1. Just checking, how many residues over the range 43-66 are among the β-branched types (Val, Ile, Thr) and in a helix (DSSP H, G or I)?
2. Kindly provide the set of residues from the range 1-42 that are aliphatic (A, V, I, L, M), part of a loop (DSSP other than H, G, I, E, B), more than 14 Å from the ligand (Cβ to nearest atom) and over 25 Å from ARG242 (Cα atoms), ordered by number.
3. Residues being among the aliphatic types (A, V, I, L, M) and more than 12 Å from the chain's Cα centre (by Cα): count how many of those fall in the range 260-292.
4. Does GLY296 qualify as being within 24 Å of GLU139 (Cβ to Cβ) and in a loop (DSSP other than H, G, I, E, B)?
5. Looking at ASP142, ASP146, can you tell me which residue is over 24 Å from PRO274 (Cα atoms) and either hydrophobic (A, V, I, L, M, F, W, C) or not assigned by TED's automatic domain parsing to the domain that holds VAL226 (or both)?
6. Which condition does LEU262 not pass, out of (1) touching a Leu at 6+ places or on another chain (Cβ under 7 Å); (2) at negative phi, if it passes all the others?
Amino acid sequence: MPAPWGLKLTGVGAALPEKVLTNQDLTAWMDTTDEWIRERTGIAERRIGGSTSGLATQAAQRALSDAGVDAQSIDQVILATTSPDHVCPGTAPAVARELGLDCGAFDVQAACSGWVYGLVVANGLLLQGLERILVIGAESLDRITDYHDRGTGILFGNGAGAAVVERDDTGTGQLLGWDLGSNGNYVHILYADHGDVLQMDGKEVFRQAVQVIQRSAKATMEQAGVEADDIDLVIPHQANIRIVESAWKKLGFSMDKTAMVLERTGNTSAASIPLALDDALVNGRIEPGDLVMFLGFGAGMTWASALVRWNA
Ligand code: UT7
């Protein structure tokens, strides 16, 4: 159900580690080519290095500065990640510590759908009376990626994106619809065991992703009572450009109204949607009142979509 009051994203920030790993770099030790990777995935380069908590903190500080608010005004820290600093504890408390906070802080582990899960959870916490929440997506996937495996090593990179999410008493900003889903029968198509690297059946992930994207987007649009044409910008999980293009054909979305940063970030799992959101805002692609659809999908399988009317 849409919230009876507003939700607004008042500040957004991103962080990428400095070290760039290009397709060309990979060809030094992998049987692949720049051309193949670009054609089959849409990726030209990805970033490596840094830590999940470090990148998350940097993105959060930039989001706070963009919102023009002090860290002390944050009521909760939600960190979506599939590559936490430690198996235990979660990474969110360390991020809260770095920001000088002792409020509630917890990780969301829903793989590439995690940031959208976090946004929907934040909406629920705002309904419970909280005022201002940091929703961060951050990954250091280089820790669980084998860059010698051409099935996975071409895809993944590090990064973080964060948003300050607040109650909007004017009611202009709204979460108009959302959908969260999972199918645990597909755990085996993309997973990493303790201490091991990501294992993936790329073809099956591709096939399933195209299906669940459509299902989730349709559920959210139906709940919000909108059609594909009404949506001003779609911000999908940045996994493979061909996954997006295949799903878009069936959904009636256009690439012109899609935010993509995949080419220069690779797949940054839970960080990819807020990274693309930051890029869209920096490039002036979102206006007050716009309908913005976030669309995540990934390991689990999990999927998540949320339709937001952008605040003034
Ligand atoms: O957040 C979700 C994360 N996961 C994903 O999004 C993964 C989704 N899946 C994919 O992105 C694609 O399945 C891959 C990019 C991983 C693979 O692309 P594909 O088009 O499914 O390739 P394929 O596995 O069907 O392989 C096609 C050909 C094969 O050669 P032959 O048998 O046709 O001669 C592979 O051996 O391409 C070869 N190949 C490569 N060649 C150069 C596979 N990987 C590579 C490579 N470089 N990296």
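1. As a first pass, look at the range 43-66 and keep what is among the β-branched types (Val, Ile, Thr): 43, 48, 52, 57.
Among the residues that remain, those that are also in a helix (DSSP H, G or I) are: 52, 57.
Total satisfying the criteria: 2.
2. If we filter the range 1-42 for residues that are aliphatic (A, V, I, L, M), which is where we start, we get 1, 3, 7, 9, 12, 14-16, 20-21, 26, 28, 30, 37.
Those still in the list that are part of a loop (DSSP other than H, G, I, E, B) too: 1, 3, 16, 28, 30.
Filter again for more than 14 Å from the ligand (Cβ to nearest atom), leaving 1, 3, 16.
Within the range 1-42, MET1, ALA3 qualify.
3. Our first condition is that a residue be among the aliphatic types (A, V, I, L, M); within the range 260-292, this holds for 260-262, 270-271, 273, 275-277, 280-282, 286, 291-292.
Remaining after also requiring more than 12 Å from the chain's Cα centre (by Cα): 280-282, 286, 291-292.
Residues flagged as among the aliphatic types (A, V, I, L, M) and more than 12 Å from the chain's Cα centre (by Cα) within the range 260-292 amount to 6.
4. Working: within 24 Å of GLU139 (Cβ to Cβ): yes; in a loop (DSSP other than H, G, I, E, B): no.
Here the answer is no, as GLY296 does not meet what is asked.
5. Numbers: ASP142 fails: over 24 Å from PRO274 (Cα atoms).
Exactly one residue qualifies, and that residue is ASP146.
6. Condition not satisfied by LEU262: (1).
Okay, residues lined up against (1) closer than 20 Å to ASP107 by Cβ; (2) basic (Lys, Arg):
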| residue | (1), (2) |
| --- | --- |
| GLU18 | no, no |
| ASP25 | no, no |
| GLU39 | no, no |
| ARG47 | no, yes |
| ALA60 | yes, no |
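Listed here are the residues, each with its yes/no results for (1) away from the ligand (no atom under 14 Å from the Cβ); (2) free of Cβ contacts under 8 Å to residues at least 60 places away in the same chain; (3) assigned to a helix (DSSP H, G or I); (4) surrounded by fewer than 23 Cβ atoms within 10 Å (Cβ to Cβ).
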{"position": "ASP256", "(1), (2), (3), (4)": "yes, yes, yes, yes"}
{"position": "ARG264", "(1), (2), (3), (4)": "yes, no, yes, yes"}
{"position": "PRO274", "(1), (2), (3), (4)": "yes, no, yes, no"}
{"position": "LEU277", "(1), (2), (3), (4)": "yes, no, yes, no"}
{"position": "LEU307", "(1), (2), (3), (4)": "yes, no, no, no"}
{"position": "ALA312", "(1), (2), (3), (4)": "yes, no, no, yes"}
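The values are calculated or read from the model by the stated rules, or taken from the named source; none is laboratory data. All of these numbers come straight from a predicted model, not from anything done at the bench. Methodologically, a virtual Cβ is constructed for each residue, glycine included, from the backbone with ideal geometry; neighbour enumeration extends over all protein chains shown.
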